[in-house]
Amino acid sequence: MPVLNRIAEFAPDLAEWRRHLHRHPETRFDCHQTAAFITERLLDFGVDALHTGIAESGVVAIIEGQGAGPTIGLRADIDALPVTEETGLPHASVVAGKMHACGHDGHATMLLGAARYLAETRNFAGRVALIFQPAEEWGGGAGVMVEEGVMERFDIAQIYALHNAPGLPAGRFETRPGPLMAAVDTLTVTVTGRGGHGAHPEDTADPVAAIVAMVGALQTIVSRNRKGTDALVLSVTQIHTGSADNIIPETGWFCATVRTYDKAVQAMVEERCSAIVNGIAQAMGVRAEINFERGYPATINHEAETAFALSVAQEVSGDAGECAPVMGAEDFAFMLERRPGAYLFLGQGESAGLHHPRYDFNDAIAPVGASFFARLVEQALPRG
């Protein structure tokens with residue numbers, strides 16, 4: 001079965017909704033106007049219950065099927081990015097310094113399309129919970145929703161989500177069981193020494209030399225402290241210190257991003273970072289303050305639910321398969337830690353990359369994603 005005929009019929013509406021959302025981006029938890037637009041559409045569709053203000057501006061809508069059954073959760077992120085748009089399109093952002101550069105406008109639209117179809121047909125037993133989540137990019141809105149009890153409050157048994165994928169053929173679905181995306185942690189180190197004249201380093205405790213030694217030594221965690229089969233990235237991305245070419249500064253700092261799939265590897269990295277930084281600080285006579293901030297956990301798909309989702313994707317698009325894990329991160333991981341489910345990529349075709357100022361969601365794939373969500377519910381919760 002390809003794209004559902006009824007969803008294909010209202011594809012122009014999907015494009016109109018998506019472009020409205022694209023013109024009016026909001027960031028982090030402040031997605032109140034976005035939520036109001038989504039709420040208005042959901043009320044028009046005739047959903048059975050509507051809950052707002054979750055994680056500040058999140059929305060959960062409930063659609064009842066025909067007969068008793070469990071609740072399937074479907075999630076779409078709705079926040080934008082602090083990026084200045086450069087597409088020049090008629091529906092370009094009208095909000096200075098903000099744009100939907102990651103396609104969350106399209107994700108919300110696909111879930112709205114599924115909501116409209118499911119509210120009309122109700123060809124399923126049980127319930128569907130439609131989750132429109134803010135603050136995926138910064139703030140971990142999925143984690144906040146989980147902590148506010150959405151899984152228990154709405155009795156969600158399984159949870160699913162999609163993300164568009166530039167460069168993947170339009171309409172192709174990809175995912176994998178197990179680790180799909182990485183945990184993301186941030187290491188920040190502030191080094192304090194004793195500054196002085198650059199001509200007399202012997203009178204100083206040089207934080208620059210210490211930072212250089214620390215940055216080099218941290219790379220040995222990847223090359224010498226992990227097994228070759230353990231996925232790990234540690235990238236130092238910022239170094240800040242100094243004010244003039246002839247002054248050894250008093251302080252400096254650097255930070256790094258750490259990506260892992262396994263909690264044991266994550267813990268090892270944190271321990272080794274502390275040991276290496278403190279050891280070099282002691283040896284070079286400086287003081288180091290270390291902050292290892294745990295961010296989003298790894299996105300771990302559940303095996304049975306992933307196989308099921310891929311079978312639905314194959315039915316809808318005729319093009320679905322497994323992919324390799326990637327080192328990006330996604331806060332949907334918090335939901336997958338609480339309930340079984342799966343996260344899938346949906347091909348966007350050739351376009352600018354995610355988070356690029358010339359990116360734009362491909363409206364042609366919205367009916368495909370909406371049909372996937374709808375058929376997933378109908379197959380997971382069959383009538384009778």
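So which residues in segment 218-231 are farther than 17 Å from Ser274 by Cα and either aromatic (Phe, Trp, Tyr) or touching a strand residue (DSSP E or B) at 6+ places or on another chain (Cβ under 9 Å) (or both)? Across segment 218-231, the qualifying residues are Asp230, Ala231.
Restricting segment 184-206 to residues that are farther than 30 Å from Phe334 by Cβ and among the β-branched types (Val, Ile, Thr) leaves a set whose member that is nearest to the chain's Cα centre (by Cα) is Val191.
Scan segment 342-373 for residues that are among the acidic types (Asp, Glu) and part of a helix (DSSP H, G or I) and jot them down. Let's see the steps before the verdict.
Step one: list which residues in segment 342-373 are among the acidic types (Asp, Glu), which gives 350, 360, 363.
Scanning segment 342-373 gives a single hit, Asp363.
Considering only residues of segment 4-46 that are under 26 Å from the mean Cα position of the chain (by Cα) and outside any helix (DSSP H, G or I), which is surrounded by the fewest Cβ atoms within 10 Å (Cβ to Cβ)? For segment 4-46, the residue satisfying everything is Asp30. Under the condition of being within 16 Å of the chain's Cα centre (by Cα), more than 29 Å from Ala267 (Cα to Cα) and not aliphatic (A, V, I, L, M), the residues counted in segment 135-173 number 2.
You will find that of Ala275, Ala283, Ala267, the residue that is assigned to a helix (DSSP H, G or I), of a type outside the set (S, T, N, Q), free of Cβ contacts under 8 Å to residues at least 40 places away in the same chain and within 20 Å of Ala183 (Cβ to Cβ) is Ala267 and no other. Going by the structure shown, is Gln133 in contact (Cβ under 8 Å) with a residue 40 or more places away in the chain and farther than 29 Å from Gly353 by Cα? Against the criterion (in contact (Cβ under 8 Å) with a residue 40 or more places away in the chain and farther than 29 Å from Gly353 by Cα), Gln133 does not qualify.
For (1) over 18 Å from Val184 (Cβ atoms); (2) crowded, with 17+ Cβ neighbours inside 10 Å; (3) touching a strand residue (DSSP E or B) at 6+ places or on another chain (Cβ under 7 Å); (4) at pLDDT 95 or above, each residue gets a yes or a no:
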| position | (1), (2), (3), (4) |
| --- | --- |
| Gly216 | yes, no, no, yes |
| His240 | yes, no, yes, yes |
| Thr257 | no, yes, yes, yes |
| Ala264 | no, no, no, yes |
| Ala267 | no, no, no, yes |
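Restricting to segment 218-238, name every residue that is in contact with a Phe, Trp or Tyr (Cβ under 9 Å, 6 or more places away or on another chain), modelled with pLDDT of 95 or more and surrounded by 12 or more Cβ atoms within 10 Å (Cβ to Cβ).
Going residue by residue through segment 218-238, those that are in contact with a Phe, Trp or Tyr (Cβ under 9 Å, 6 or more places away or on another chain) are 230-232, 236-238.
Still in the list and also modelled with pLDDT of 95 or more: 232, 236-238.
Within segment 218-238, Leu232, Val236 meet the criteria.
Yes or no: Ile247 modelled with pLDDT of 95 or more, more than 23 Å from Gly295 (Cα to Cα) and either under 26 Å from the mean Cα position of the chain (by Cα) or surrounded by fewer than 19 Cβ atoms within 10 Å (Cβ to Cβ) (or both)? Walk me through it before giving the result.
Numbers: modelled with pLDDT of 95 or more: yes; more than 23 Å from Gly295 (Cα to Cα): yes; either under 26 Å from the mean Cα position of the chain (by Cα) or surrounded by fewer than 19 Cβ atoms within 10 Å (Cβ to Cβ) (or both): yes.
Judged against the criteria, Ile247 is a match.
Among residues of segment 78-114 being under 24 Å from Phe10 (Cα atoms), hydrophobic (A, V, I, L, M, F, W, C) and surrounded by fewer than 18 Cβ atoms within 10 Å (Cβ to Cβ), the one that is nearest to the chain's Cα centre (by Cα) is Ala92.
Among the residues of segment 115-174, which ones are of a type in the set (S, T, N, Q) and either under 23 Å from Phe37 (Cβ atoms) or buried (at least 24 other Cβ atoms within 10 Å of the Cβ) (or both)? I'd like the intermediate steps shown before the answer.
From segment 115-174, those of a type in the set (S, T, N, Q) are 121, 123, 133, 158, 164; that's our starting set.
Residues satisfying the conditions are Gln133, Asn164.
Looking only at residues in segment 175-214 that are charged (D, E, K, R) and touching a residue at least 40 places away in the same chain (Cβ under 8 Å), the one that is surrounded by the fewest Cβ atoms within 10 Å (Cβ to Cβ) is Arg194.
Scanning segment 225-256 for residues that are of a type outside the set (Asp, Glu) and assigned to a loop (DSSP other than H, G, I, E, B) yields a total of 11. Checking each residue in segment 283-301 for being crowded, with 18+ Cβ neighbours inside 10 Å and out of contact with any strand residue (DSSP E or B) (no Cβ under 6 Å at 6 or more places or on another chain) picks out only Met284. Only one entry of His107, His91 meets the criterion of being in the same structural domain as Phe132 (by TED's automatic domain parsing), in contact (Cβ under 8 Å) with a residue 24 or more places away in the chain and farther than 30 Å from Pro382 by Cβ, and that entry is His91. Scoring Arg259 on the criteria (1) assigned to a strand (DSSP E or B); (2) farther than 26 Å from Cys102 by Cβ leaves a single failure, condition (2).
The values are calculated or read from the model by the stated rules, or taken from the named source; none is laboratory data. Given the structure is predicted, the values throughout are model-derived calculations rather than measurements. A quick note on method: Cβ atoms are made from the backbone with ideal geometry, for glycine too, and the neighbour counts reach across all protein chains shown.
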